Structure formats: C-alpha cells, structure tokens
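I have placed the structure first, in the form of structure tokens, so that the comments after it can refer back to it.
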Amino acid sequence: MPESNGMTSIVRHPLVRAVFVTGVALLAGCGPARKSVFPPSLTLQEVSAKPGGTWHVTLRVRNNSYGGMSFDIFQGTLRVGDLGAVLLDAKIDQDIPSFAADVATIDLLPTAEMSKALAALAAKGSAGALPYSIDGHVTATPEKEDKAQTFPVHGKNWLSPVPGIPDTYRSP
C-alpha cells in the first residue's frame, strides 16, 4: 500500500523480511569465536643434582594453543637413558598465554642407577649427553572454558652438563 509520500515500505515486502529475519538469526547463533586448543608440550629445562641425592628438576611447560591456558598439575614419569622410570607429580598452578612457555619445579629422588648415569655424564664434560623421556598428562583449563581438560604429553631430548656449573644439566 502506498504511504503518505507515495512509496512502498521495503520491510513490508515478504521476501526482504524473510532474508532479514534469517540473517539476524544466523548472526545471533554465531556467538563468540572459540580458540583452537592443542595439547601442550613438556620437557626438562634443567636438572640440578643436590647433596643427599635429590634432583631439583625444572620442567618447561609450553602452551601450543591459540588461547591462554590455566595449568594445574602434571603427573607422569621421567626415564633417563634405558633405566627405570621415576614418578613425577608436579603442581604447575600457572596461567600461560598462547604460544608461550613457563617453568615449574619439582624435587625428586632418582634411582641409584639414574644418579650413576648422571655422574658418568658429568665425567664426560660438556661433550657428553644423556637421553631422557617424559610421559604423562597435564591438567589445564583453556581460556573461556569452565571445565579442566587432561592432555597427554610426551617429551624426549638430551641432558648435557652445563659448563662451569657443577652438578647442573640442561636440555636444549
């Protein structure tokens, strides 16, 4: 029907109204974009052999996701060379931004064979290297999520003595 100025309202046209309502419904259903979440990685950054036989271990936790994550705990095993594994139970309790890393520390009592392997490595000097592997899982809460998730982690690398710092070993 013509309006007072002689024009027909475009909103009254059924096809235009249907397209408009469908467009609004589609946009309303989009909501906030979720960021991709990928499993973190965990490696040894440093191992210091302390008097009394304990090791002070620095774990490097890397967030490989597009959003920040709140890391809670790591539970798993550390194996040095071909020797038996020791249990690791580390409280991380850190918020790590996307594609960043941070460290957590833990003191552990290695097996006698692991201590001997580290001593043999120290005798070789900076040219020596000892393989290690970490297996376990990390519990973390991704950004914009309420529920924590458990991620498997597997890390393998080498420990080498740090020149000039006795009883200290680092991983590249």
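A compact table of results
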{"read-out": "Condition check for L83: out of contact with any helix residue (DSSP H, G or I) (no Cβ under 7 Å at 6 or more places or on another chain) and either assigned to a strand (DSSP E or B) or not small (G, A, S) (or both)", "value": "no"}
{"read-out": "Matching residues in the stretch 81-94 - criterion: being surrounded by 14 or more Cβ atoms within 10 Å (Cβ to Cβ) and within 16 Å of S41 (Cα to Cα)", "value": "L88, A90, I92, Q94"}
{"read-out": "Inter-residue pairs, beta-carbon under 6 Å, first in contact (Cβ under 8 Å) with a residue 24 or more places away in the chain and in the stretch 56-75, second in a loop (DSSP other than H, G, I, E, B) and of a type in the set (S, T, Y), 6+ apart", "value": "S65/S98; Y66/S36; Y66/S98; G67/S98; G68/S98"}
{"read-out": "Exclusive hit being modelled with pLDDT under 95 and of a type in the set (S, T, N, Q), set S9, S41, S48", "value": "S9"}
{"read-out": "Residue ID - surrounded by the fewest Cβ atoms within 10 Å (Cβ to Cβ), chosen from residues in the stretch 42-80 that are in a strand (DSSP E or B) and among the aromatic types (F, W, Y)", "value": "W55"}
{"read-out": "Test: A120 is surrounded by 12 or more Cβ atoms within 10 Å (Cβ to Cβ) and touching a strand residue (DSSP E or B) at 6+ places or on another chain (Cβ under 7 Å)", "value": "no"}
{"read-out": "All positions within the stretch 79-105 that are under 23 Å from W158 (Cβ atoms) and over 12 Å from the mean Cα position of the chain (by Cα)", "value": "R79, V80, G81, D82, L83, G84, A85, V86, L87, L88, A90, T105"}
{"read-out": "Yes/no for T105 being within 21 Å of G76 (Cβ to Cβ), assigned to a strand (DSSP E or B) and out of contact with any Leu (no Cβ under 8 Å at 6 or more places or on another chain)", "value": "no"}
{"read-out": "Among (1) in contact (Cβ under 8 Å) with a residue 60 or more places away in the chain; (2) part of a strand (DSSP E or B); (3) farther than 20 Å from S70 by Cα; (4) not hydrophobic (A, V, I, L, M, F, W, C), the one test that S133 misses", "value": "(1)"}
{"read-out": "Filtered residues of the stretch 146-172 (kept if touching a residue at least 24 places away in the same chain (Cβ under 8 Å), under 23 Å from G68 (Cβ atoms) and in a loop (DSSP other than H, G, I, E, B))", "value": "A148"}
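The values are calculated or read from the model by the stated rules, or taken from the named source; none is laboratory data. The structure presented is a predicted model; accordingly, all values stated were derived computationally and were not measured. Ideal geometry is used to build each Cβ from the backbone, glycine not excepted, and the neighbour counts take in all protein chains shown.
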